Amino acid sequence: MARCAALRHRAVGAAGTGGAVAGIPAQAAGTATGTGAGNARTNTIEFNFRRKELSDIRVRRAIAHAINVPFFIDNFLGDFAKIGTGPIPSTSADFFPGPDTPQYPYDKAKAIALLDEAGFKPAAGGNRFSLRLLPAPWGEDISLWATFVQQSLAEVGIQIENCRFDRL
C-alpha cells in the first residue's frame, strides 16, 4: 500500500518488488525469474507514468537497455535466477512464451541514444534527470539490485536516489 501511495503522489519515480531475482518490467522489457523449492518469484521495476520522463516509452526502454541483468545474475544470484522473457516466471503453469515478446538486452550505447532521442540530453556534469527508487524492504538481493540499478543508470546520466523503508 505504501509503495502504491508513494507512486500515486509522485514521491518516487519507480518502485521495486520481488524476491531472489532481478529484472525489468514488461512495460519496457523482460524480467528475470528465480526459482527455489517450487517457488518462482520475479523482481521488476514498476514505473510511475505520471512522471514526465517515465511517460515516454523511449526512456523506459533506455532504462531497460542500461541495466546489465545477465551480469547481475552471474555475479550476485548465480544459479538462483535466470533471465525472464516477461512478467510471468517460466516455472509458472500460467507461463505461455511468445515468439514476439520484445527483449531489451544490455546495450549502453542504445540506452544513451534513446535518452537523446527522447529529448533528455546530458547537462553539465552528465546528468539528464533524477528519479527516486523505492525498493522492496526485504531480502539482501533487493538491496543489491537497487544499488546495481542506481550505478547502472548513473552511467547513462540518470541519477537514482534509493529510498528505503523498514516495511511497507
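The values are calculated or read from the model by the stated rules, or taken from the named source; none is laboratory data. Predicted model only: the values in this text are computed from it and were never measured. With ideal geometry, Cβ positions are generated from the backbone for all residues, glycine too; neighbour counts draw on all protein chains shown.
Observations, loosely collected:
- Single unsatisfied condition, PRO122 versus (1) assigned to a strand (DSSP E or B); (2) touching a Lys or Arg at 6+ places or on another chain (Cβ under 8 Å): (1)
- Residue in the range 131-168 that is surrounded by the most Cβ atoms within 10 Å (Cβ to Cβ), counting only those that are in contact (Cβ under 8 Å) with a residue 60 or more places away in the chain, more than 17 Å from THR44 (Cα to Cα) and not β-branched (Val, Ile, Thr): GLU155
- Top-ranked residue of the range 112-123 - restricted to ones that are hydrophobic (A, V, I, L, M, F, W, C) and closer than 15 Å to LEU153 by Cβ, ranked as surrounded by the fewest Cβ atoms within 10 Å (Cβ to Cβ): ALA118
- Evaluated against (1) modelled with pLDDT under 85; (2) assigned to a loop (DSSP other than H, G, I, E, B); (3) more than 22 Å from ARG50 (Cα to Cα), ALA136 falls short on exactly one condition, (3).
- Lone unmet requirement of (1) part of a loop (DSSP other than H, G, I, E, B); (2) more than 15 Å from VAL149 (Cβ to Cβ) for TYR104: (2)
- The listed residues are ALA81, ALA93, ALA64, ALA109, and the only one of them that is of a type in the set (A, V, I, L, M, F, W, C), surrounded by fewer than 15 Cβ atoms within 10 Å (Cβ to Cβ) and under 20 Å from PHE148 (Cα atoms) turns out to be ALA109.
- Qualifying positions in the range 132-168 - over 15 Å from ALA66 (Cα atoms) and of a type in the set (A, V, I, L, M): LEU133, LEU134, ALA136, ILE142, LEU144, LEU168
- Flag for GLY78 being outside any loop (DSSP other than H, G, I, E, B), modelled with pLDDT under 90 and over 18 Å from ILE63 (Cα atoms): yes
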